[in-house]
Structures are given as structure tokens and as C-alpha cells.
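The values are calculated or read from the model by the stated rules, or taken from the named source; none is laboratory data. Quick caveat: nothing in here was measured; it's all calculated off a predicted structure. Glycine also receives a Cβ, built like all others from the backbone with ideal geometry; neighbour counts cover every protein chain displayed. The accessibility values were calculated without ligands, DNA or RNA, using every heavy atom of the protein model including side chains. Shrake-Rupley method; radii C 1.70, N 1.55, O 1.52, S 1.80 Å.
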Amino acid sequence: EDEDEDEDYSDNDQQTFFRRPSEVFDFDDHRIPLSLSETQKRPSQLKKEVGFINGLTLVIGLVIGSGIFASPGPVASHAGSVGMSLVVWFVCGVLVFTGALSYAELGAEIPLSGGEYAYLNHAYGSLPAFLYSWTAITCLKPGSNAIIATVFAEYVNRIIYHTAFENESDHPTEKTHQWFNKIMATICIIVVSFINAYSVKLATRTQDILTAFKLVALAVITIIGFVVLGKGGLKNNIEGGIFEGSSTTAGDYALAIYSGLWAYDGWNNLNFVAGEMKNPARDLPRVTMVGLPIVILCYLLTNVAYYAVLPSSVVTKTNTIALDFGRQVFGGAGGILFALLVAASCFGAANGSLFTGGRVIYVASREGYLPAVFGRIHSKWNTPTMALALQAVLTIIMIIPGTFTTLVNFYSVAAWLFYFLTTFGLIVLRWREPTLNRPYRVWITTPIIFCFVSLFLITMPFVMVPLESLAALGFIVAGVPLWYMQAKFNEIWSTKGIKQYLASLSQRFHQWRSHSQYQ
Ligand code: ARG
């Protein structure tokens with residue numbers, strides 16, 4: 001039945017944007033109406049340059065960001081005990097590990113750049129794929145930018161208070177502090193957007209330098225933590241037993257897991273460059289199997305270090321844990337030093353996130369999903385300035401009502417809905433197209449586990465934090481009428497009559513103009 005449809009598809013010279021399920025669009029601007037097995041045979045247009053080591057550094061560099069310096073507080077306060085928060089960090093890691101292995105199968109079987117978009121398109125057709133792009137632009141990208149900027153602001157403001165005021169008691173009240181955070185986060189987004197608009201080279205340089213900062217920060221925290229641990233730290237925190245005080249409600253764990261998962265977010269990003277990998281079938285699973293255990297280990301060690309140095313009462317309350325850590329070990333100046341390292345790391349993360357986000361908007365505009373202005377490239381700077389501007393505005397809209405926790409919840413509901421749909425798509429494809437070439441086959445239990453856990457993660461917040469959850473759902477659903485509108489618009493637009501009429505109009509206009517120039 002599917003194949004018949006493909007043969008009928010003869011009028012592909014018409015520039016319609018109406019997508020049929022079997023069409024594939026990869027992000028290098030090529031429109032390829034093919035069935036899945038034909039897609040696999042098609043040579044990619046992109047240069048294949050990403051190898052194992054590039055993939056590994058890409059994943060580790062993308063995943064480790066703001067989260068490990070901001071999430072430990074919310075995780076600990078929801079989980080309730082030292083032992084349980086370490087369990088939550090571990091469970092989060094295992095969950096994204098099962099997700100990434102499933103994504104590795106998808107990336108090897110559909111070796112296109114564009115990640116979820118391409119997989120959703122194949123598994124379910126164009127509407128879910130459209131909704132994914134729509135949600136990525138309006139929710140996921142601005143949401144994650146806003147979270148990173150908020151963490152940046154939190155740390156920078158603490159540095160400013162520390163240098164400006166002698167006494168802790170002179171620091172702004174909680175309410176004023178929240179406003180200072182929003183202002184600082186907005187400044188961060190504007191500055192980073194300008195860097196990205198001004199020069200690609202400047203943006204990538206900034207990125208390279210600042211990535212080093214977070215690795216230094218994490219390494220130093222871990223080493224200090226273990227020195228303290230050797231001297232008998234941590235004892236105070238586990239006096240009543242390591243699981244003493246653990247929460248007993250499912251909803252609490254869902255929220256704890258969400259905060260933890262933010263720190264692991266970005267685990268799916270290797271799939272976005274699958275089309276540029278030398279050997280996706282071999283390297284996608286290999287990078288996952290090496291990279292994610294490194295990240296998990298790194299996060300567990302860092303958390304143990306936090307608990308070794310700080311009392312759990314501080315861990316549960318703080319949202320600038322690295323600052324408290326530094327202060328506890330080295331006094332005030334140490335706190336500032338650590339806060340600076342984290343702020344630099346977040347600035348780098350925001351830079352990378354705005355860079356890719358700008359490209360997502362740019363591509364959507366080139367695909368006809370967004371007005372053409374957002375696909376413009378600045379003539380001098382050679383960057384998608386309008387796309388970057390739109391992204392900055394959307395991000396600031398998220399910053400204004402949000403805090404770290406509300407933004408993480410909002411972001412996660414939307415993100416995990418699509419992680420679920422994508423991984424479920426793997427199961428659908430196994431069943432619908434069993435003979436397809438699958439260079440890497442994941443053990444089928446893996447995506448099934450992932451789907452079950454993510455279903456729990458998607459439904460729980462609707463009970464616990466209905467406002468953020470409904471907002472996320474609202475954004476996604478708002479894409480549905482848009483999809484029908486743009487489909488209808490393109491149908492009308494592509495009929496010959498209107499096109500010819502418009503062409504003749506423009507011809508007449510040009511005649512009139514050249515005529516009037518001579519007078
Ligand atoms: N895990 C990262 C952090 O802790 C967030 C990465 C967000 N980026 C993304 N592409 N989803 O800051």
C-alpha cells in the first residue's frame with residue numbers, strides 16, 4: 001500500500017510544503033520523497049567527518065553543563081536522604097542510557113541528520129514530525145536556554161552580592177533576588193546572542209575555551225571531595241542511616257528524577273549529526289556505551305564530594321551548590337572562585353545552545369514552516385541574525401515567569417513526551433518494517449523499559465505541577481491548527497492559477513518600474 005503511494009508521487013516539481021508520511025527531509029536542505037529502505041541506500045550529501053573520539057567529546061561536552069551545579073539541591077530535597085539522592089542520580093543515568101541505546105538503533109537505521117524529526121516522520125508521518133519542530137522552536141530550545149541562563153544568573157548575582165556587601169544580612173531579599181536573577185539571565189541571553197550574530201568564529205572560540213572551565217571545576221570538586229572523605233567527611237550526613245528520611249511518594253521521585261535528568265539532557269544529541277558520522281552503525285552505540293558511563297560516574301563522584309563537604313541541610317536548600325562547596329573548603333574567596341568557574345561554564349553552555357537553536361529556526365524557515373525573514377543571513381556577518389533574534393525573544397519570554405525548578409519541569413514534560421514518542425517509534429518500526437536493514441539492533445527490552453519509565457515521567461507532573469505541565473502541553477497542541485493552516489495555505493499557493501496570476505502581477509510591476517525610471 002505504501003509503495004503504491006510512492007509511485008503516484010510524480011508532481012514533485014511543485015514546491016508544496018505539504019508532507020506525506022514517506023517523505024524525508026534532512027537538515028541539509030534536501031527534499032527526498034523516498035521510502036525508508038530507499039533512504040538507507042541514498043548517499044548522504046554531508047561530509048562524513050565525525051569519528052568515535054569526536055562523538056565522545058561531543059556527547060560529554062554537551063551533556064555536562066549547568067545541571068550538575070544546580071540540580072543536586074532539588075534532587076536532594078525531593079528524594080529526602082543522601083542515599084536516595086544518589087540512587088536517583090544513578091537511575092537517571094541508567095534511564096538515559098537505555099534511551100541513548102535505542103536512539104543508536106534509530107540513528108543507524110535512518111542515518112540522517114536532524115535527530116527526532118527524521119525518526120518521527122518515518123514512524124508516524126508528517127504531523128508528529130511537524131509538532132516536534134514546532135515544539136523544539138517554541139518550547140525546548142527557549143526552555144533549555146532559559147534554564148542555563150538562570151543558573152548563570154544565580155551564580156553571577158551571588159558573586160556580585162559577595163563583593164558588594166560586607167554582611168550577609170545586607171544581601172537583597174529573596175524577592176528582589178529573583179528579579180535580579182531574571183535581569184541577569186536576560187542580559188546573558190542578549191550578550192550571547194550578539195556574540196553569535198557577530199561572528200561564528202567568535203562563538204566557537206568562546207565555546208572551546210569555556211568548555212574547559214566546567215571540566216576543571218568538576219575535577220577540582222571531586223578531588224577535594226575525596227580528600228575530605230578520606231578524613232572522615234560525610235559522617236555527619238549519614239548518622240541516622242544513609243536512607244534515613246527518604247521520601248515515600250511517587251510524585252516526589254518524579255520531580256527528583258526530572259531535576260536529575262536535566263543534568264543528563266543532551267544525551268540524544270549525537271543523533272543530530274548521525275548523517276555526518278563515518279560509521280554510525282558502529283560508533284553510535286560505542287559512544288553511548290563509553291560516554292554515558294563516564295558521565296554517570298562523574299556525577300556520582302561529584303555528588304559524593306558535595307555530601308562529604310556540606311551538611312545535607314545545605315545541599316537540600318541551595319541552588320548554588322558549587323559556591324557553598326568552595327566557601328566551605330576555602331572560605332569566601334574560594335566560594336567566589338568556584339562560582340566564577342560555574343558561571344563561565346554556563347555562559348559557554350548558553351553559547352552552544354543558542355548557536356544550535358539559531359540554526360533550528362533558520363532551517364525551519366528555509367523549509368517554509370516559518371516566515372522567510374527568519375531564514376535570512378546577514379550580509380556582512382554571515383550569520384542567521386533574524387533567527388537568533390527570534391530565539392532571544394522566545395527565551396526571554398520563558399525567563400520572565402520562570403525559576404530553575406519551574407523551567408525544568410516545563411521543559412521536561414515537553415522533552416520527555418517526544419523522547420517517548422521517538423523510542424516508541426522504534427518499536428513501531430520493528431513491527432511494521434521487520435525486514436529493514438538494522439546495522440545495530442538494540443535488545444528490545446531496552447526501549448520497552450525506556451517507554452514505561454518515560455510514560456510515568458510524563459503523567460506524574462500533571463498531578464504534581466499541573467501549571468507547568470499544562471503550559472507545555474498547550475504549546476505542543478497549539479501546533480496542530482498551525483500545521484493544518486500551513487498545509488492549506490501551501491495547497492492553495494501551489495495551484496497553478498494563483499502562481500501564474502502572481503507571476504504576471506510581478507511582471508507588470510517590473511515593466512511599470514523600468515518604464516517609470518526613464519521618465
Ligand atoms: N545537561 C545539560 C546541563 O546540565 C543541558 C543540556 C541542554 N542541551 C540540550 N541540547 N538539550 O546543562
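Taking the Cα centre as origin and putting +1 on Lys and Arg beta-carbons and -1 on Asp and Glu beta-carbons, what dipole magnitude results for the range 298-383, to the nearest 20 debye? It would help to have the intermediate numbers written out before the result.
Working: 6 positive and 2 negative charges, 58 e Å.
Approximately 280 debye in magnitude.
Dividing the alpha-carbon Rg of the range 188-274 by 2.2 N^0.38 Å yields what? Please report the intermediate quantities before stating the final value.
On the way: Rg = 19.9 Å, N = 87, 2.2 N^0.38 = 12.0 Å.
The reported ratio for this selection is 1.66.
Between beta-carbons, use under 15 Å as the cut-off and find the net charge around GLY61, counting Lys and Arg +1, Asp and Glu -1. Each step should come with its number before you reach the end.
Details: positive: ARG205, LYS214; negative: ASP208, ASP265.
Net of charged neighbours comes to 0.
So what is log10(I(q)/I(0)) for the range 221-378 at q = 0.12, 0.15 1/Å, when the Debye sum runs over its Cα atoms only?
With no solvent term, the Cα-only Debye profile gives -0.78, -1.03.
Which peptide among 256-264, 475-483 comes first, and what is the full order, when sorted by highest mean count of other Cβ atoms within 10 Å? Display every interim value, and only then the final one.
Values: 256-264: 26.9, 475-483: 15.2.
Top to bottom by mean Cβ count within 10 Å: 256-264, 475-483.
List the GluC sites (Glu not before Pro) within the range 129-212 that DSSP assigns to loop and that have no more than 14 neighbouring Cβ atoms inside 10 Å.
Numbers: sites: GLU154, GLU166, GLU168, GLU174; in loops: GLU166.
The qualifying sites are GLU166.
List the trypsin sites (Lys or Arg not before Pro) within the range 423-463 that fall in a DSSP loop (any state other than H, G, I, E or B) and whose Cβ has at most 16 other Cβ atoms within 10 Å.
Values: sites: ARG430, ARG432, ARG441; in loops: ARG441.
The qualifying sites are ARG441.
Of all alpha-carbon pairs in the range 359-398, indicate the percentage at a distance above 12 angstrom.
Numbers: 416 of 780 pairs.
Roughly 53 percent, once rounded to a whole number.
Any idea of the accessible area per residue across the range 117-193, 1.4 Å probe, to the nearest Å²? If you can, show how the numbers build up before the last one.
On the way: 2880 Å² over 77 residues.
For the range 117-193, the per-residue accessible area is 37 Å².
Under the 0.36 nm per residue contour assumption, what length would be gained going from the current alpha-carbon distance of ILE187 and GLU168 to full extension?
Numbers: separation 19, 0.36 × 19 = 6.84 nm, distance 2.50 nm.
Going from the current span to full extension adds 4.3 nm.
Taking the Cβ of THR320 as the center, what net charge do the other residues with Cβ under 9 Å away carry, scoring Lys and Arg +1 and Asp and Glu -1?
Details: positive: ARG158; negative: GLU154, ASP324.
Counting the neighbours of THR320, the net charge comes to -1.
Length gain on complete extension for the stretch ALA250 to LEU505, per 0.36 nm per residue less the alpha carbon to alpha carbon distance?
Numbers: separation 255, 0.36 × 255 = 91.80 nm, distance 6.40 nm.
Answer, rounded to one decimal: 85.4 nm.
The range 136-177: percent of C-alpha pairs farther apart than 12 Å?
It works out to 67 percent of all Cα pairs.
Cα atoms only: what Rg and Dmax, in Å, come out for the range 251-320?
16.3, 49
Based on the Cβ-Cβ distance of PHE456 and ASN382, what FRET efficiency does E = 1/(1 + (r/R0)^6) give at R0 = 51 Å, to the nearest 0.05? Don't skip to the end; give the middle numbers.
On the way: r = 46 Å, r/R0 = 0.90.
Rounded to the nearest 0.05, the efficiency is 0.65.
State the Cα centre-to-centre distance between the range 206-232 and the range 437-451 in whole Å.
35
Report relative contact order for the range 106-260 in percent, whole number only (criteria: Cα-Cα under 8 Å, sequence separation at least 6).
Working: 48 pairs, mean separation 19.4, N = 155.
Relative contact order here is 13 percent.
By how many nm would the segment from TYR161 to LEU297 grow when fully extended, if each residue of separation counts as 0.36 nm and the alpha-carbon distance is taken off?
Working: separation 136, 0.36 × 136 = 48.96 nm, distance 3.38 nm.
Gain in length upon complete extension: 45.6 nm.
Tell me, what is the per residue accessible area of the range 257-323 in Å², probe radius 1.4 Å? Could you put the intermediate results ahead of the total?
Numbers: 1970 Å² over 67 residues.
Computed with neighbouring chains in place, this is 29 Å² per residue.
In this model, which of LYS278/LYS488; LYS182/LYS317; LYS278/LYS380 are farther than 30 Å apart at the alpha-carbon?
Values: LYS278/LYS488 40 Å; LYS182/LYS317 20 Å; LYS278/LYS380 34 Å.
Pairs exceeding the cut-off: LYS278/LYS488; LYS278/LYS380.
Hey, can you rank 204-213, 372-381 by average C-beta count inside 10 Å, highest first? Display every interim value, and only then the final one.
Numbers: 204-213: 15.7, 372-381: 12.8.
In decreasing order of mean packing, 204-213, 372-381 become 204-213, 372-381.
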